[in-house]
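Colleague: Have a look at this one.
The values are calculated or read from the model by the stated rules, or taken from the named source; none is laboratory data. Note that this is a predicted model, so its numbers are computed, not measured. All Cβ positions, glycine included, derive from the backbone under ideal geometry; neighbour counts span all protein chains shown.
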Amino acid sequence: MRKFNVNVNGKAYAVEVEEIVDGSTVSTSAPAAPVKVAAPTPAPAAAPSGSGKPVPAPMPGLVKKLCFSNGTQVKKGDTIIILEAMKMDTPVSAPSDGVISYSTQEGANVDTGATLATLS
């Protein structure tokens, strides 16, 4: 049995792994050295511009489409981003009228609450 420290999404876990070769258990006489795993580097979040209203991600997912260009005037209720989560497309709507400034890009994975854009 070998012990490892594993870091997943910023959370550390201690795990034990048993190595099996050709259906038989292999034991090791040397103790397992702790494995040092570097913490994942989160994508840099763009700073909210001025006093704009942030638009948070409602769920974790993949940014499939940015529906407007930066600097475009949008209306409340306009679909501004399409998120893909669990093979389903979910529209993210503008919570108010304003000029959009995206804080993410197409193809980025985002967590719940991450700022996707700001409206000013």
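Listed here are the residues, each with its yes/no results for (1) surrounded by fewer than 14 Cβ atoms within 10 Å (Cβ to Cβ); (2) modelled with pLDDT under 95; (3) more than 25 Å from VAL6 (Cβ to Cβ).
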{"position": "ILE20", "(1), (2), (3)": "yes, yes, no"}
{"position": "SER29", "(1), (2), (3)": "yes, yes, no"}
{"position": "VAL37", "(1), (2), (3)": "yes, yes, no"}
{"position": "PRO48", "(1), (2), (3)": "no, yes, yes"}
{"position": "GLY52", "(1), (2), (3)": "no, yes, yes"}
{"position": "PRO60", "(1), (2), (3)": "no, yes, no"}
{"position": "LEU66", "(1), (2), (3)": "no, no, yes"}
{"position": "LYS87", "(1), (2), (3)": "yes, yes, yes"}
{"position": "THR112", "(1), (2), (3)": "yes, yes, no"}
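Colleague: Would you mind telling me which numbered condition in (1) within 19 Å of the chain's Cα centre (by Cα); (2) modelled with pLDDT under 95 ILE80 fails?
Modeller: Failing condition for ILE80: (2).
This table checks each residue for (1) under 13 Å from PRO56 (Cβ atoms); (2) part of a strand (DSSP E or B); (3) out of contact with any Pro (no Cβ under 8 Å at 6 or more places or on another chain).
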residue: ASN70; (1), (2), (3): no, no, yes
residue: ILE82; (1), (2), (3): no, yes, no
residue: ASP89; (1), (2), (3): no, yes, yes
residue: ILE100; (1), (2), (3): no, yes, yes
residue: THR112; (1), (2), (3): yes, no, no
residue: LEU116; (1), (2), (3): yes, yes, no
